[in-house]
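The values are calculated or read from the model by the stated rules, or taken from the named source; none is laboratory data. Note that the coordinates shown come from a computational prediction; the quantities given were computed from them, not determined experimentally. Note that each Cβ is placed from the backbone with ideal geometry, even for glycine, and that neighbours are counted across all protein chains shown.
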Amino acid sequence: MTDPLSSAEERIVELVREGRDELVALVAELVALDTTARFVGDPPRDEVRLQQTLATRLRAIGADVDIWEPEPTGRGNRFVPDDLDFKGRPQLAARLTGSGGGRSLLLNGHIDAVTPGPLEDWKTDPFKVALADGKLWGRGVNDMKGGLASLLFALETLHRAGVRLRGDVVYCANTDEESSGAGSLACVEHGVHADAGICGEPTGFDAWVCCRGTVMPVITVEGRAGHAEMPQPHWREGGAVNAIEKAKTVLDAIETLRDEWRGRADKKHWCLAPADIVPTIIAGGVWTVTYPPHCAITCDIQYLPANVDDEGTAKAVEAEVKDWIDAAANADPWLREHPLKWDWMEDIVPAEMPADHPLVGIVLDGAAALGRTGMASGLDSWHDAAHFTRWGKTPTLSFGPDGVDSAHTVEERVSVEGLVDHCAAVALAALRWCGV
Ligand SMILES: [Zn+2]
């Protein structure tokens, strides 16, 4: 049973609906600013302008706005890429101080959007929002400049209605969700925190309370170069060794490990896909007529919130994978004497908040009262909510309009009705969570 809206709540919903064109205009303004996700070393784009756009509007409703550039990541931190620089890519956190006595709420979104390419496949300019079939089309409308705008417009509407919440609201806009998660991690380290939080990712009105984490090894198999068209002596007599063929041992071990995981309770989850290990890149060989001296296999390992170790990291998962594959390699005399080389990319940690957390009920009830019935579920990939939940002591769910199905595609879209209802649902959640 969902609670009916109070007359004060009805008024807020009405105001959001009346502001639909303003909301659409804000989405268009954000999409027009190019904040395409980056590789390490890429120059900044319009991140400063986008954050300033948000800051101006947040100040206008009385928020204290903090915009800062985090320190470069340096080297050797397992959670962020080496040498990531935030110059020209500031983070934003703004606080609307409540009247006191209420619970605080984090509203978060990422400002980066994946590359629009291939550009020739777009029917319209990806940086110019088009309105057709009741939907907005463009890069980032769905993932997630629509949600980012909607979270802000919910606060603007409450302000317009003269509502002063009892609890504080922290509005946070970060970079680097699509690439590494380094932006939200920097926000947590900067002190961004609340009693609970909402990320405006496109969940189709579900509440994503959990996600899987990722860790990626590059496993290098050693061989020995030699002329491929000449008979080779045994390797103990100096003969060539084919690293590509030796890599088969690693691939077979990955397959048997995956099978083993399939049968294990700790690799299954009530709503997420099971833990998995998938070889994604293989690179070996130097010349068409040379025995390949190296072959490197990159894997995408997806792990569950329950698989983290006592420090909340993937170190235990890494050790398990390494031990399993090393053991298989050890059965091969060449590989026993020429051990596999292991390099690990960043550890993107998973997280989970309780599905019966009071904010989950508040968010879903508010949406249901608007005719948008969702449920508690999870994201098999990753979202910034995980950093706020795991490291920021802010249980954070994702909740947003439409489905994630058009995200990252050349037909990225969000329905205007969905966006308006999302905005209204966020305003209702803020009223009910923070109190008035
Ligand atoms: Zn997203």
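General observations
- Search result, residues across segment 325-343 that are buried (at least 17 other Cβ atoms within 10 Å of the Cβ) and touching a residue at least 40 places away in the same chain (Cβ under 8 Å): 325, 328, 329, 334, 335, 338, 340
- Hey, residue 193 at pLDDT 95 or above and not in a helix (DSSP H, G or I) or not: yes
- Residue identified as farther than 21 Å from residue 211 by Cβ, away from the ligand (no atom under 16 Å from the Cβ) and modelled with pLDDT of 95 or more among 340, 359, 364: 340
- Condition met for residue 188 (out of contact with any Asp or Glu (no Cβ under 8 Å at 6 or more places or on another chain), farther than 20 Å from residue 432 by Cβ, not in a loop (DSSP other than H, G, I, E, B) and not assigned by TED's automatic domain parsing to the domain that holds residue 102): no
- Checked against the criteria, residue 167 does not count as in the same structural domain as residue 52 (by TED's automatic domain parsing), among the small types (Gly, Ala, Ser), crowded, with 21+ Cβ neighbours inside 10 Å and within 16 Å of the ligand (Cβ to nearest atom).
- Members of segment 285-320 that are buried (at least 17 other Cβ atoms within 10 Å of the Cβ), of a type in the set (A, V, I, L, M) and not in a strand (DSSP E or B): 304, 308, 314, 317
- All conditions but one from (1) more than 21 Å from residue 35 (Cβ to Cβ); (2) of a type in the set (Asp, Glu); (3) within 16 Å of the ligand (Cβ to nearest atom) apply to residue 112; the one that does not is (1).
- Subset of segment 150-168 (residues that are touching a Leu at 6+ places or on another chain (Cβ under 9 Å) and either modelled with pLDDT under 95 or over 18 Å from residue 400 (Cα atoms) (or both)): 158, 159, 160, 161, 163, 164, 165, 167, 168
- Residues satisfying the stated conditions in segment 98-119, i.e. more than 21 Å from the chain's Cα centre (by Cα) and at pLDDT 95 or above: 98, 99, 100, 101, 102, 103, 104
- Any hit, segment 151-161, residues being within 15 Å of the ligand (Cβ to nearest atom) and part of a helix (DSSP H, G or I): yes
- Candidates 363, 349, 404: the one that is under 23 Å from residue 419 (Cα atoms) and crowded, with 21+ Cβ neighbours inside 10 Å is 363.
- Of the listed requirements (1) within 30 Å of residue 305 (Cβ to Cβ); (2) out of contact with any Phe, Trp or Tyr (no Cβ under 9 Å at 6 or more places or on another chain), residue 229 misses just one: (1).
- Residue 49 vs. criteria within 30 Å of residue 415 (Cα to Cα) and in a loop (DSSP other than H, G, I, E, B): no
- Test: residue in segment 426-436 that is in contact (Cβ under 8 Å) with a residue 60 or more places away in the chain, over 20 Å from the mean Cα position of the chain (by Cα) and in a loop (DSSP other than H, G, I, E, B): yes
- For residue 377, the conditions (1) crowded, with 21+ Cβ neighbours inside 10 Å; (2) at negative phi; (3) outside the structural domain of residue 325 (by TED's automatic domain parsing) all hold with the exception of (1).
- Hits in segment 206-225 - residues which are surrounded by 21 or more Cβ atoms within 10 Å (Cβ to Cβ), in a loop (DSSP other than H, G, I, E, B) and away from the ligand (no atom under 16 Å from the Cβ): 223
- Restricting segment 132-148 to residues that are in contact (Cβ under 8 Å) with a residue 60 or more places away in the chain and in a loop (DSSP other than H, G, I, E, B), the residue that is farthest from the ligand (Cβ to nearest atom): 134
- Residue check for residue 386: in contact (Cβ under 8 Å) with a residue 40 or more places away in the chain, crowded, with 23+ Cβ neighbours inside 10 Å and touching a strand residue (DSSP E or B) at 6+ places or on another chain (Cβ under 7 Å): yes
- The set of residues in segment 6-36 being surrounded by 18 or more Cβ atoms within 10 Å (Cβ to Cβ) and outside any helix (DSSP H, G or I) consists of 19, 33, 35, 36.
- A search for C-beta distances below 6 Å between a residue of segment 110-131 that is outside the structural domain of residue 410 (by TED's automatic domain parsing) and any residue that is within 16 Å of the ligand (Cβ to nearest atom) and at pLDDT below 95, counting only pairs 6+ apart in sequence or on different chains, returns nothing.
- Here residue 266 fits the description: free of Cβ contacts under 8 Å to residues at least 60 places away in the same chain, among the acidic types (Asp, Glu) and within 28 Å of residue 181 (Cα to Cα).
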